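Okay, structure first, notes after.
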Amino acid sequence: MTSTKTIWFLTGSQSLYGEETLIQVAEQSQAVLAEINANIAATLKQQVEIIWKPVLKTPDAIKRVMLDASADDDCLGVITWMHTFSPAKMWIAGLDALQKPLLHLHTQANQSLPWSTIDMDFMNLNQAAHGDREFAHIVSRMAIARKIVVGAPGSQHVADRISAWAYATVGWNTSQNLKLVRFGDNMRFVAVTDGDKVSAQMTFGMSIEAYGVNTLADAVEKVSIDDAEALCEIYERDYEVVAELKKGGARHDSLVYGAKIEIALRNVLESLGAKAFTSDFEDLGALRQLPGLAVQRLMADGYGFGGEGDWKTSALGAIMKSMTPAGGGTSFMEDYTYHFGPGPAKILGAHMLEVCPTITKNKPRIEIHPLGIGGKEDPVRMVFTADSADARVVCLVDMGDRFRMIQTEITVVEPTEDLPKLPVARAVWEPKPSLEASAEAWMLAGGSHHTVLTNSVSAETLEDFARIARVELVVIDEKTELRAFRQQLQWSAAYHRLAERI
């Protein structure tokens with residue numbers, strides 16, 4: 001099946017070499033792409049296809065293809081490779097016109113040199129070693145953000161680095177077209193969940209709009225009992241549902257109402273073309289329950305979510321969901337409480353209700369319990385513990401003059417003991433390099449308590465996305481040393497005020 005989204009593979013040359021050589025350039029360029037595509041993961045190929053375009057030999061052709069790529073809604077980005085020497089002044093107008101992410105591939109058609117037969121004909125044909133340097137010079141001089149990948153075309157290393165960037169282009173396309181619905185406003189007096197929505201649209205392309213919570217409550221009232229009961233049957237099929245919530249159980253009506261919320265949420269979001277949303281326990285209007293189960297199931301289907309009106313985390317969640325390989329897990333999360341010992345220090349992450357079931361392979365259990373805040377009926381929710389995995393948590397914060405992404409590397413682990421009285425979905429993790437250093441660095445960087453946890457979106461993809469979006473990325477990992485980290489933040493602040501986009 002052909003993917004609907006594409007990345008264009010552009011090969012640079014010039015007419016100087018003659019028709020026979022240019023035919024070889026085209027043939028070898030297609031062979032290079034075939035080698036790369038052979039190593040691209042099938043999960044990525046389900047979303048994106050890297051397609052070959054004719055060899056570029058003139059300034060007019062280069063500008064035309066860049067304009068076409070920028071205008072094509074299905075084109076996520078372009079990969080450039082200078083097979084021969086392609087004078088970089090030919091690329092200026094085209095690069096200036098390009099409005100899509102750029103990856104510069106530095107490779108050659110042959111992995112090894114034919115030492116015993118190499119001659120000047122071979123040398124004239126295989127000039128990427130200096131052709132790509134000429135191209136890279138003009139891209140740097142024009143201060144255009146790009147990724148550079150170096151290596152043999154058939155290597156898994158090259159395919160993996162291109163794949164990481166390709167996922168980032170998917171995320172950027174999501175960001176550029178994202179519509180986010182805020183049901184109600186932010187939790188009162190909270191700083192980090194607020195921010196400049198106009199600046200967010202200017203930076204990321206996303207549209208963040210408010211709708212009264214009764215827009216959702218009215219939609220809930222329109223859902224029929226039959227439709228809600230049909231969804232409850234799906235719940236019983238796909239999850240472990242406690243007896244009191246099953247059909248005929250004493251509290252089945254609460255599950256039916258939770259199903260109505262899910263159906264209504266989907267209807268409203270689909271009618272608005274939105275892939276992200278927020279809610280706030282302080283602003284529930286006529287809703288009888290805080291949405292819990294419905295939010296968890298929508299996140300599992302790729303929607304972004306933020307609690308307490310946190311639109312930045314919701315948007316980041318939708319973006320990272322779109323960058324998550326099939327079968328991977330990405331969820332809204334919150335740093336909740338600590339275990340300083342005995343044993344390795346850990347963070348218990350959870351939220352009131354809304355953690356995505358993609359971060360576990362086990363069958364969640366649907367339960368009902370009092371919430372204690374919000375003043376509404378007891379809400380239904382999935383309860384589970386996240387699977388052990390290497391992972392990372394990421395947040396997006398508004399620093400006033402710019403946005404900053406903060407990422408910390410973690411290992412999700414089994415809880416030290418069972419949690420029989422904690423009726424919410426949760427994850428337990430050990431941050432790197434340690435809880436103490438990670439938390440101090442996170443707070444120095446101004447990180448939020450709400451995050452997105454992913455066991456599948458790679459650190460490289462997140463770095464590529466930040467570069468495409470031209471936003472600051474701060475990384476906390478096993479190499480973090482706090483004195484150097486403070487200096488990094490100082491230098492980063494200066495850089496992002498004067499940023500040359502390399």
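The values are calculated or read from the model by the stated rules, or taken from the named source; none is laboratory data. Worth saying up front: this structure is predicted, and the values here are computed from it rather than measured. Cβ atoms come from the backbone with ideal geometry, glycine included; neighbour counts cover every protein chain shown.
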Problem set entry | Hey, ALA286 in contact with a Cys (Cβ under 9 Å, 6 or more places away or on another chain), surrounded by fewer than 24 Cβ atoms within 10 Å (Cβ to Cβ), closer than 27 Å to LYS197 by Cβ and in the same structural domain as LEU216 (by TED's automatic domain parsing) or not | no
Exercise. Would segment 135-150 turn up any residue that is in contact (Cβ under 8 Å) with a residue 60 or more places away in the chain, closer than 26 Å to ALA41 by Cα and either in contact with an Asp or Glu (Cβ under 9 Å, 6 or more places away or on another chain) or not basic (Lys, Arg) (or both)?
Worked result: yes
Exercise. Out of all the residues in segment 214-232, is one or more in contact with a Ser or Thr (Cβ under 9 Å, 6 or more places away or on another chain) and at pLDDT below 95?
Worked result: no
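Okay, residues lined up against (1) surrounded by fewer than 21 Cβ atoms within 10 Å (Cβ to Cβ); (2) over 19 Å from the mean Cα position of the chain (by Cα); (3) closer than 26 Å to SER322 by Cβ:
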site: GLU417; (1), (2), (3): yes, yes, no
site: PRO420; (1), (2), (3): yes, yes, no
site: TRP429; (1), (2), (3): no, yes, yes
site: MET443; (1), (2), (3): yes, yes, no
site: VAL471; (1), (2), (3): yes, no, yes
site: LEU482; (1), (2), (3): yes, yes, no
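Let's see how each residue does on (1) in contact with a helix residue (DSSP H, G or I) (Cβ under 8 Å, 6 or more places away or on another chain); (2) among the small types (Gly, Ala, Ser):
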| position | (1), (2) |
| --- | --- |
| LEU396 | yes, no |
| ASP401 | yes, no |
| ILE406 | yes, no |
| VAL413 | no, no |
| ASP418 | no, no |
| PRO423 | no, no |
| PRO433 | no, no |
| SER438 | no, yes |
| LEU444 | yes, no |
For this session: Could you tell me whether LYS147 is closer than 21 Å to ALA69 by Cα, loosely packed, with under 12 Cβ neighbours inside 10 Å and out of contact with any His (no Cβ under 6 Å at 6 or more places or on another chain)?
Result: no
Problem set entry | GLY248 modelled with pLDDT of 95 or more, assigned to a loop (DSSP other than H, G, I, E, B) and not hydroxyl-bearing (Ser, Thr, Tyr) | yes
Seminar exercise, completed: Residue set ALA69, ALA42, ALA31; condition closer than 19 Å to THR4 by Cα, surrounded by fewer than 21 Cβ atoms within 10 Å (Cβ to Cβ) and assigned by TED's automatic domain parsing to the domain that holds GLY151; output residue ALA42
Exercise. crowded, with 18+ Cβ neighbours inside 10 Å, within 23 Å of the chain's Cα centre (by Cα) and in contact (Cβ under 8 Å) with a residue 12 or more places away in the chain, is that true of MET323?
Worked result: yes
Seminar exercise, completed: If you go through ALA350, ALA441, ALA386, the only one that is assigned by TED's automatic domain parsing to the domain that holds GLN201, aliphatic (A, V, I, L, M) and free of Cβ contacts under 8 Å to residues at least 60 places away in the same chain is ALA441
For this session: Looking only at segment 446-455, decide whether some residue is under 22 Å from ASN362 (Cβ atoms), among the small types (Gly, Ala, Ser), at pLDDT 95 or above and crowded, with 21+ Cβ neighbours inside 10 Å.
Result: no
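A quick yes/no check of all residues on (1) under 22 Å from the mean Cα position of the chain (by Cα); (2) more than 20 Å from ASN186 (Cβ to Cβ):
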| residue | (1), (2) |
| --- | --- |
| LYS260 | no, yes |
| GLY273 | yes, yes |
| ARG288 | no, yes |
| ALA300 | yes, yes |
| GLY304 | yes, no |
Exercise. Among the listed residues ALA437, ALA441, which satisfies the condition of being in contact with a Gly (Cβ under 9 Å, 6 or more places away or on another chain) and assigned to a helix (DSSP H, G or I)?
Worked result: ALA441
For this session: Search segment 156-171 for residues that are under 14 Å from GLU463 (Cβ atoms) and pair each with any residue that is assigned to a helix (DSSP H, G or I) and of a type in the set (Gly, Ala, Ser) when their beta-carbon atoms are under 7 Å apart and the residues are at least 6 apart or on different chains.
Result: GLY171/SER322
For this session: Answer with yes or no whether LYS100 is basic (Lys, Arg), under 29 Å from the mean Cα position of the chain (by Cα), under 25 Å from GLU463 (Cα atoms) and at pLDDT 95 or above.
Result: yes
Exercise. Can you name the condition, by its number, that LEU95 falls short on among (1) over 21 Å from LYS147 (Cβ atoms); (2) out of contact with any Gly (no Cβ under 9 Å at 6 or more places or on another chain); (3) touching a residue at least 40 places away in the same chain (Cβ under 8 Å)?
Worked result: (1)
Exercise. Among the residues of segment 51-66, is any in the same structural domain as ALA166 (by TED's automatic domain parsing), surrounded by 16 or more Cβ atoms within 10 Å (Cβ to Cβ) and touching a residue at least 60 places away in the same chain (Cβ under 8 Å)?
Worked result: no
